[in-house]
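Asks: To start, I am sharing the structure in question, which I have written as structure tokens.
The values are calculated or read from the model by the stated rules, or taken from the named source; none is laboratory data. Predicted model only: the values in this text are computed from it and were never measured. Heads up, the Cβs are rebuilt from the backbone with ideal geometry, glycines too, and the neighbour counts pull from every protein chain shown. Ligands, DNA and RNA are stripped out before the accessible areas are found, and what is left, the full protein with its side chains, is counted by its heavy atoms. Shrake-Rupley method; radii C 1.70, N 1.55, O 1.52, S 1.80 Å.
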Amino acid sequence: MRFYLSMSIALVALFASSVAGLGLRSDLARKLQLSAELGLDANAVVKDFRSVTTTSPGAITPAEHVSIPIDHDNPSLGTYQNRYWVNDAYYAPGGPVIVYDVGEVNAEDSSGHLTSNVSFFRSLIQEFNAIGIVWEHRYYGESLPYPVSKDTPPEHWKYLTTAQALADIPYFAENFTRPAYPQIDLTPESTPWVMVGGSYPGIRAALTRNEYPDTIFAALASSAPVQAQVDMSVYYEQVYRAMLANGYGNCARDIQAALEWIDGQLAQEDTAAAVKQLFFGPGAEMNTNEDFTAALSGIFSFFQTYGFDGPVGSLGEFCRYLESDPETGISAGSEGLAPTRGNQFLAEQWAAWPEFTQVVNGNFVTNCRGLNTSADPICELDYLPAEPDAIAWSWQYCSEWGFYQSDNVGVGSLLSNYQTLEYQQLLCNRLFPEALKSGILPSEPQVTSLNDKYGGWTIRPSNVFWSTGEFDPWRTLSPFSTESFAPQGITVTTDIPQCGIETPEDTIFGYIGANLYHCFDFRSSQAASESRNYFIQALRQWLPCFEKQKKLMNPGSTRRPARPWWFKGV
């Protein structure tokens, strides 16, 4: 890994797919999410993710490859090798094929979902006598139409689009076979295919069912922000709401008080350098106000995945530190310490939090304060991702999805007022300057055309189960959104819709986990099991109608699927 390991702390991007804005690292975000799904110790993971995953429960599954067109609209351009993993050990003839979509990260570690005895996905394929597939997204890991780096030619990015990546699934499915079952038609013509994903892969699960219903028969879309939007400052509204609901309102108020003082210092030429050095030591004064205050957002790094828990450096740990009076040891009351101690005191306490500089060093690949004595001190916070997966995801949100997480100005503000939408766009322009010059990278993400094409949060494909956590920041752009700019009057129901019948736009078949967070139902907990059980029961109800659905879509077909244990006749 490319970050200092002097302490078991690493900063995770605020987005689990999730990763626009503030220069935070998407590769760490997804790895922490995976560690939560597989029940791995978070502190061990941030020390060395690879060593933990290679010793986690489950056998190693070999990778396989399939040739996929680089451009589905122009097959003459050529093909590339897309990687995937398969477990057919639980398969019984007639069972479904279930695809776990990994999304915006190297999928190798996620292949553990096929065999790990703590993985919900392994349990799912076993329960349904299914073939399980872990699918790697184009431009990630080893599934590369072209090499990915900061020097990738602009014209090579043209094939990393939502449309091209969605089209990979039906192309793959139409030619899928297994050596152990040569006489069985495992394509969607005769076998039901089910797609499972969380976060960006949750978007893909829903969209693939919507766009390619003859390929994907049913889907589970967890924490899926299907509405593209440039301004996602509302991300932090969810953090603020969770803080109030969980007894951290005093911490939220004191963070706001500290930021008020910090922003005031930054606004003055004669004090800006000193406040930057207060937090990160010599050299920090060379950073812009925007880059400096982006680093301050590190206190929220683990919230999306763990809420107030998680590894050393969690938001809960920070709040308990900040709200404890250093002289008396007494915890602050509901109003926090600002009324009695003042805003400057809180900013100084924040800067003195022992874990904080190391958190920032881990995320920004810096050595502020020279904490790593074996390396030269360096505190340049204008970090641009160099890790290929982070670069590829940056292209996706910079070009199409947006998701810019600027300051949520207002009562719930938790960021510096230097964290603007303009700064978020600057980060994209910094990373892809040649693509911007050539016009291949648009001047801003093309969210309107994307929503017009795919429907945004109004889509209601049949045979889809949706889920989210109450305080999941990505709920705000999902069909569960209750924001003022979202569709109003949405009813959430756990009543299973009829097979092949879309719910009305004002109704969503799904589950909201109370006081829970991003992709909570991909983990081991009572709430996670409750949510997944609704999907399992729905799938049991939907699968028997598969043959009838295929006849309606392909009335001339004479091919018949094998009869599975759940077949009841149609």
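Asks: When you check Y100 against the structure, is it modelled with pLDDT of 90 or more and touching a Ser or Thr at 6+ places or on another chain (Cβ under 9 Å), yes or no?
Replies: Here the answer is yes, as Y100 does meet what is asked.
Asks: Something else now. In a strand (DSSP E or B) and either open to solvent by 30 Å² or more (accessible area, probe 1.4 Å) or modelled with pLDDT of 90 or more (or both), is that true of H137?
Replies: no
Asks: What's the number of the condition Q126 fails, among (1) at pLDDT 95 or above; (2) open to solvent by less than 10 Å² (accessible area, probe 1.4 Å); (3) outside any loop (DSSP other than H, G, I, E, B); (4) over 30 Å from W157 (Cα atoms)?
Replies: It is condition (2) that Q126 fails.
Asks: Regarding the stretch 66-85, can at least one residue be identified that is part of a helix (DSSP H, G or I) and of a type in the set (V, I, T)? Please lay out each step first, then the result.
Replies: First, the residues of the stretch 66-85 that are part of a helix (DSSP H, G or I): 75-77.
Narrowing further to those that are of a type in the set (V, I, T): none.
No, the stretch 66-85 contains no residue that is part of a helix (DSSP H, G or I) and of a type in the set (V, I, T).
Asks: Turning to a different aspect of this structure: Tell me, please, whether a residue that is within 16 Å of K453 (Cα to Cα), assigned to a helix (DSSP H, G or I) and at pLDDT 95 or above can be found in the stretch 216-227.
Replies: Filtering the stretch 216-227 down to residues within 16 Å of K453 (Cα to Cα) leaves 225-227.
Okay, now just the ones that are also assigned to a helix (DSSP H, G or I), so none.
No, the stretch 216-227 contains no residue that is within 16 Å of K453 (Cα to Cα), assigned to a helix (DSSP H, G or I) and at pLDDT 95 or above.
Asks: Filter the stretch 219-233 for residues that are aliphatic (A, V, I, L, M) and open to solvent by 10 Å² or more (accessible area, probe 1.4 Å) and give the result.
Replies: If the condition is that a residue be aliphatic (A, V, I, L, M) and open to solvent by 10 Å² or more (accessible area, probe 1.4 Å), then V230 is the only one that fits.
Asks: Which numbered condition in (1) assigned to a loop (DSSP other than H, G, I, E, B); (2) at pLDDT 95 or above is the only one that T55 fails?
Replies: (2)
Asks: Taking P282 as the residue in question, decide whether it is within 29 Å of R430 (Cα to Cα) and assigned to a loop (DSSP other than H, G, I, E, B).
Replies: Details: within 29 Å of R430 (Cα to Cα): yes; assigned to a loop (DSSP other than H, G, I, E, B): yes.
When the stated conditions are applied, P282 passes them.
Asks: Same structure again: Part of a loop (DSSP other than H, G, I, E, B) and surrounded by 23 or more Cβ atoms within 10 Å (Cβ to Cβ), is that true of G132? If you could, list the steps in order and put the result at the bottom.
Replies: On the way: part of a loop (DSSP other than H, G, I, E, B): no; surrounded by 23 or more Cβ atoms within 10 Å (Cβ to Cβ): yes.
It is false that G132 is part of a loop (DSSP other than H, G, I, E, B) and surrounded by 23 or more Cβ atoms within 10 Å (Cβ to Cβ).
Asks: Just one of (1) in contact with a strand residue (DSSP E or B) (Cβ under 7 Å, 6 or more places away or on another chain); (2) more than 30 Å from P445 (Cα to Cα) trips up Q265, so point out which.
Replies: Only one criterion is unmet by Q265, namely (1).
Asks: Scan the stretch 435-451 and give yes if some residue there is open to solvent by less than 10 Å² (accessible area, probe 1.4 Å), within 30 Å of P153 (Cα to Cα), of a type outside the set (F, W, Y) and over 20 Å from the mean Cα position of the chain (by Cα), otherwise no.
Replies: Yes: one or more hits.
Asks: Let me ask you something else. Filter the stretch 350-366 for residues that are open to solvent by less than 30 Å² (accessible area, probe 1.4 Å) and at pLDDT 95 or above and give the result.
Replies: W350, A351, W353, listed by residue number.
Asks: Filter the stretch 243-265 for residues that are part of a helix (DSSP H, G or I) and over 18 Å from V409 (Cα atoms); which is least open to solvent (accessible area, probe 1.4 Å)? Don't jump to the end; show me each part of the working.
Replies: Residues of the stretch 243-265 that are part of a helix (DSSP H, G or I), as a first pass: 243-245, 249-265.
Now narrow it down to the ones that are over 18 Å from V409 (Cα atoms): 245, 250, 265.
On the way: A245: 68, N250: 19, Q265: 45 Å².
Of everything passing the filter in the stretch 243-265, N250 is least open to solvent (accessible area, probe 1.4 Å).
Asks: Looking for something surrounded by fewer than 19 Cβ atoms within 10 Å (Cβ to Cβ), among the basic types (K, R) and not in a strand (DSSP E or B) - is there at least one such residue anywhere in the stretch 170-178?
Replies: yes
Asks: Only residues that are touching a helix residue (DSSP H, G or I) at 6+ places or on another chain (Cβ under 8 Å) and part of a helix (DSSP H, G or I): list them for the stretch 160-169, please. Explain how you work it out, then say what you get.
Replies: Applying the first criterion (touching a helix residue (DSSP H, G or I) at 6+ places or on another chain (Cβ under 8 Å)) to the stretch 160-169 yields 160-163, 165-166, 169.
Within the stretch 160-169, T162, A163, A165, L166, I169 qualify.
Asks: Could you say whether any residue in the stretch 481-502 is at pLDDT below 95 and either surrounded by 15 or more Cβ atoms within 10 Å (Cβ to Cβ) or among the acidic types (D, E) (or both)? Before the answer, list the steps.
Replies: Quick first cut of the stretch 481-502, residues at pLDDT below 95 only: none.
Checked the stretch 481-502: no residue is at pLDDT below 95 and either surrounded by 15 or more Cβ atoms within 10 Å (Cβ to Cβ) or among the acidic types (D, E) (or both).
Yes or no, residue by residue, for (1) at pLDDT 95 or above; (2) open to solvent by less than 20 Å² (accessible area, probe 1.4 Å):
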{"site": "T507", "(1), (2)": "yes, no"}
{"site": "R532", "(1), (2)": "yes, no"}
{"site": "W542", "(1), (2)": "yes, yes"}
{"site": "K548", "(1), (2)": "no, no"}
{"site": "N554", "(1), (2)": "no, no"}
